[in-house]
Amino acid sequence: MRRLEWGGWVSVAFSGAAMVVGVLIGVGEMVNPGTYTDVRYTWLHLAPAPGPFPNGFSLVVGTLVDPISALMLIVVTVVGFLVMLYSIGYMHQDRGLPRYYAELSLFLTAMSGLVLADNLLEFFVFWELVGVCSYFLIGFYYEKPSAASAAKEAFIVTRVGDIMFLLGIFLYFYNFALAGPAGSGGWAANGFLFVNGNQPYLLGHGLGGNSTLLTVAGIMILGGAAGKSAQFPLHVWLPDAMEGPTTVSALIHAATMVAAGVYLLAVASLFLGFTSTDQLAIVGIGGFTAFFAATMAVVHPDIKRVIAYSTISQLGYMVMAVGAGFAMVGLFHLFTHAFFKALLFLAAGSVIHAVGTQDLFKMGGLRKTMRLTAIAFAVGGLALAGIPPFAGFWSKDDILSAVYSQLGSHPAYWPFFLLAFAAVFLTAYYIFRAWFLAFSGDHPRDPSLGHAHEGPWTMQVPLVLLSALACGAGLLIFVPGFQSLLLSGAGATGIPPVYGTTDLLISAASVALGVSGIALAWVLWGNGRVYALPETSAAQPVRRLLLKRYYFKIGYDWIGAKGVYTIARAADFFDRFVIDGTVHGFERAFALVSNRLRRIQSGVVSDYAAYVVAGLIALFVILLIVAPYVVSRLGGG
Amino acid sequence: MTALPLVGFVALSSALFAVGLFGILTRRNFILVLIAIEIAMNAAILNFVYFGAFSNGTAGLTGQAVAVVLIGFAATEVAVGLAIVLALNRVKGTINVAQANELKL
């Protein structure tokens with residue numbers, strides 16, 4: 001083992017310690033559900049002054065442990081530790097390991113900070129930090145032009161969301177600076193805290209006043225979440241983010257960072273509040289994305305991108321749940337999804353590590369040589385497809401049931417509910433299509449692939465542990481402590497309880513859809529053979545549309561290349577000809593005039609004397625004739 | 001001497017100044033320019049004398065005294081002027097002011 005790799009073990013050790021602490025905090029929250037522990041330090045206080053913050057303005061750094069952050073902290077630290085351990089085996093041939101472990105550790109720090117932030121500003125700071133870590137790690141193989149451009153794309157697209165988030169923050173600041181419990185001095189003076197004791201700081205304190213504004217602020221928050229969680233129409237960056245190492249895809253672009261958008265929506269719905277228009281927008285974006293992303297996963301040949309589309313789709317479910325008012329249901333799916341999606345990615349990483357390609361059509365027959373990986377991928381797939389008793393069933397079912405329960409009072413949710421429901425079938429189909437393509441059959445379809453083998457123990461242990469979690473994490477719902485953790489997350493905000501909404505009809509229907517999706521995948525791909533779709537087939541245009549990702553990427557590139565470039569050209573023209581033209585015009589005018597005036601400098605003394613006399617005469621004329629005339633016309637003295 | 005009005009004297013000195021100025025602007029011979037300057041200057045000195053005389057004693061003899069001092073100044077100025085004429089003649093070989101045209105870029 002090279003010396004550099006010992007550095008990796010340092011990261012493993014510390015992320016392991018973080019996992020222990022994180023799980024302890026989670027268990028503590030389960031034992032005493034509904035406790036809010038807020039430790040904070042006022043970092044900066046600005047004195048009261050006229051303006052939007054008449055009571056002053058505080059910047060606070062603090063940690064808040066509440067049910068939702070405890071839940072999220074478990075996800076972040078557990079998946080973080082397992083991915084870190086897996087990295088030791090997966091990354092051992094790579095260069096730039098110090099950079100890798102440093103960036104991954106920074107990411108874990110930032111993500112924990114985001115989860116534990118106790119006020120909106122601190123939240124935003126860590127939000128940006130995880131974004132920049134994502135940028136670094138997508139561009140880890142920066143020598144590859146595709147990786148460098150994917151990193152840039154991710155950064156720019158999420159930036160659009162971040163700007164909206166920031167605008168949302170401004171709206172909240174400006175309008176609710178003075179809101180809050182009586183006598184507290186207001187939200188701004190206390191550092192924009194999420195909670196005050198066990199109560200949300202803002203919710204229920206003067207937020208009903210300006211609902212148009214609150215709607216706009218909520219839409220802005222949704223924009224920020226859509227950027228980070230790759231929701232339509234800001235979804236384009238996530239599939240390209242698969243240019244990073246598979247471990248990064250597993251940790252950041254599946255389990256934790258992309259879930260930060262959902263977490264933001266949950267925090268906003270629990271502590272800030274959404275109007276019903278906001279809720280409809282969130283349900284709409286989430287439900288539509290769940291279906292929309294799933295369709296693109298159906299045809300993709302790249303194993304990682306199939307899982308990436310699946311991530312977008314699953315995040316859509318969570319967003320929909322939060323939008324419908326069930327923040328804890330969404331977070332429960334986030335919790336289970338983190339485990340089975342990290343498992344899918346790490347299993348895919350194990351395959352890629354073994355065969356050196358991501359093209360599903362080149363693989364095949366791998367179940368014979370990679371038994372553990374095949375089982376792990378299948379467990380992840382079953383969890384994703386929502387087959388009981390795997391983790392995904394409980395949480396996805398909860399979401400569908402929860403949204404279904406709202407359809408009576410919100411008929412506008414119907415189309416999005418149906419889209420999300422249809423996506424269950426697509427999900428089961430595409431993930432098992434990937435499984436059959438990679439693992440069934442007799443041998444790899446591309447004979448040049450070397451002899452596949454399982455990775456070292458550092459790669460196998462996380463697969464086993466995550467498989468166990470993907471099987472069992474959903475069953476935690478029956479553990480009283482966990483159940484009360486989820487129930488207490490809603491606190492006093494009136495968010496409906498997480499469990500007990502499950503509708504048997506919905507469950508049966510979604511399981512039936514999942515099973516039929518798997519069956520279809522088995523019928524089409526089960527024997528490990530690949531049939532080329534005839535060029536004349538009516539399905540070809542659809543397939544092309546899906547492979548081209550509905551032309552969104554091309555469209556955005558066009559907007560970038562044509563739209564923004566045209567604006568930039570216009571700005572350049574304005575700068576060059578109007579601004580510079582004015583400056584240069586003055587310069588030229590002065591040069592012209594002074595060139596003419598230079599000629600009167602004849603050097604002849606009597607000429608100068610004549611100028612003096614002319615000046616004198618002009619002075620007399622002004623003083624004795626013009627000035628008295630002007631004064632008399634003005635009527636002055 | 002009270003019969004003559006002050007305006008007549010001022011008109012006289014203005015006319016004298018105009019003559020001097022005309023000489024300064026039109027003569028090309030440096031000596032003639034100097035003489036014209038003297039004429040213009042004496043027009044100014046005359047002003048001091050009239051105004052001193054017409055002040056009904058409030059100015060005392062100040063006007064006349066300044067006139068005498070200025071006559072002295074005029075003499076020194078002529079000395080400087082003639083020195084310039086000599087220097088110009090030495091450098092350029094002429095005393096035509098139009099030739100003294102190096103006061104430019």
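The values are calculated or read from the model by the stated rules, or taken from the named source; none is laboratory data. Owing to the predicted nature of the structure, the values given are computational and were not obtained by experimental measurement. Reconstructed Cβ throughout: ideal geometry from the backbone, glycine too, with neighbour counts over all protein chains shown.
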(message) Would you confirm, using the coordinates I've provided, whether residue B:101 is within 20 Å of residue A:613 (Cα to Cα) and at pLDDT below 90?
(response) yes
Condition set assigned to a loop (DSSP other than H, G, I, E, B) and touching a helix residue (DSSP H, G or I) at 6+ places or on another chain (Cβ under 8 Å), scope the range A:346-379, selection nearest to residue A:242 (Cα to Cα): answer is A:358
Per the filter on the range B:87-105, residues surrounded by 12 or more Cβ atoms within 10 Å (Cβ to Cβ) and away from chain A (no Cβ under 14 Å) are B:89
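Name the single residue that is surrounded by the most Cβ atoms within 10 Å (Cβ to Cβ) among those in the range A:38-60 being hydrophobic (A, V, I, L, M, F, W, C) and in a strand (DSSP E or B).
Taking the candidates together, the pick is A:57.
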Of the listed residues (A:295, A:311, A:275), the one being surrounded by fewer than 24 Cβ atoms within 10 Å (Cβ to Cβ), under 18 Å from residue A:549 (Cβ atoms), touching a residue at least 12 places away in the same chain (Cβ under 8 Å) and among the polar types (S, T, N, Q) is A:295
Residue count, the range B:49-77, condition modelled with pLDDT of 90 or more and either of a type outside the set (A, V, I, L, M) or surrounded by fewer than 16 Cβ atoms within 10 Å (Cβ to Cβ) (or both), comes to 9
Counting only residues in the range A:587-613 that are of a type outside the set (Phe, Trp, Tyr) and more than 14 Å from chain B (Cβ to nearest Cβ), the one nearest to residue B:21 (Cα to Cα) is identified as A:596
Checked pairs for the range A:349-370, first within 20 Å of residue A:251 (Cα to Cα), second of a type in the set (S, T, N, Q) and part of a loop (DSSP other than H, G, I, E, B), C-beta under 6 Å and 6 or more apart or across chains, list as A:352/A:358
Flag if residue A:322 is within 26 Å of the chain's Cα centre (by Cα) and either at pLDDT 90 or above or in a helix (DSSP H, G or I) (or both): yes
Is it the case that the range A:280-288 has a residue that's touching a Pro at 6+ places or on another chain (Cβ under 6 Å), more than 25 Å from residue A:440 (Cα to Cα) and either at pLDDT below 85 or part of a helix (DSSP H, G or I) (or both)?
no
Matching residues in the range B:57-105 (among the hydrophobic types (A, V, I, L, M, F, W, C) and in a loop (DSSP other than H, G, I, E, B)) number 6
| message | Is it the case, given these coordinates, that residue A:257 is assigned to a helix (DSSP H, G or I) and not small (Gly, Ala, Ser)? | response | no
Here the residues within the range B:14-34 that are crowded, with 17+ Cβ neighbours inside 10 Å and within 14 Å of chain A (Cβ to nearest Cβ) are B:17, B:20, B:21, B:23, B:24, B:27, B:30, B:33, B:34
Subset of the range A:113-135, residues over 24 Å from residue A:152 (Cβ atoms) and in contact with a strand residue (DSSP E or B) (Cβ under 9 Å, 6 or more places away or on another chain), comes to A:113, A:116, A:117, A:118, A:119, A:120, A:121, A:122, A:123
Taking the range A:46-62 and the residues there that are free of Cβ contacts under 8 Å to residues at least 60 places away in the same chain and within 34 Å of the chain's Cα centre (by Cα), the one that is nearest to residue A:191 (Cα to Cα) would be A:46
Residue A:616 meets each of (1) surrounded by 10 or more Cβ atoms within 10 Å (Cβ to Cβ); (2) of a type outside the set (D, E, K, R); (3) in a helix (DSSP H, G or I); (4) away from chain B (no Cβ under 14 Å) with one exception, condition (4)
Here the residues within the range A:411-462 that are assigned to a loop (DSSP other than H, G, I, E, B) and among the basic types (Lys, Arg) are A:445
Checking A:21, A:65 in turn, the sole residue that is without any contact (Cβ under 8 Å) to a residue 60 or more places away in the chain and in contact with a strand residue (DSSP E or B) (Cβ under 9 Å, 6 or more places away or on another chain) turns out to be A:65
Sole miss for residue B:11 among (1) within 14 Å of another protein chain (Cβ to nearest Cβ); (2) more than 13 Å from the chain's Cα centre (by Cα) is condition (1)
- prompt: Mind checking whether some residue in the range A:436-454 is under 30 Å from residue A:327 (Cβ atoms), modelled with pLDDT of 80 or more, small (Gly, Ala, Ser) and buried (at least 18 other Cβ atoms within 10 Å of the Cβ)?
  reply: no
Of those in the range B:49-86 that are in contact with a Phe, Trp or Tyr (Cβ under 6 Å, 6 or more places away or on another chain) and more than 14 Å from every other protein chain (Cβ to nearest Cβ), the residue farthest from residue B:27 (Cα to Cα) is B:63
- Item | Any chance residue A:523 is part of a helix (DSSP H, G or I), away from chain B (no Cβ under 14 Å) and under 37 Å from the mean Cα position of the chain (by Cα) | yes
Is it true that some residue in the range A:565-580 is of a type in the set (S, T, N, Q) and within 14 Å of chain B (Cβ to nearest Cβ)?
-> no
Only unsatisfied item for residue A:202, checking (1) assigned to a loop (DSSP other than H, G, I, E, B); (2) within 30 Å of residue A:14 (Cβ to Cβ); (3) among the aliphatic types (A, V, I, L, M), is (2)
- Some residue of the range B:40-48 being part of a helix (DSSP H, G or I), within 14 Å of chain A (Cβ to nearest Cβ), of a type in the set (Val, Ile, Thr) and closer than 23 Å to residue A:617 by Cα: no
The condition of being surrounded by fewer than 20 Cβ atoms within 10 Å (Cβ to Cβ), closer than 21 Å to residue A:247 by Cα and among the polar types (S, T, N, Q) holds, among A:109, A:63, A:35, only for A:109
Going by what's in this entry, would residue A:419 be described as surrounded by fewer than 21 Cβ atoms within 10 Å (Cβ to Cβ), within 25 Å of the chain's Cα centre (by Cα) and of a type in the set (A, V, I, L, M, F, W, C)? yes
Within the range B:3-13, of all residues that are in a helix (DSSP H, G or I) and surrounded by fewer than 13 Cβ atoms within 10 Å (Cβ to Cβ), the one modelled with the lowest pLDDT is B:6
Listed by first then second residue, the pairs whose first member lies in the range A:109-127 and is in contact (Cβ under 8 Å) with a residue 40 or more places away in the chain and over 19 Å from residue A:177 (Cα atoms), whose partner is polar (S, T, N, Q) and assigned to a helix (DSSP H, G or I), with beta carbons under 8 Å and at least 6 positions apart or on separate chains, are A:112/A:77; A:115/A:69; A:116/A:69
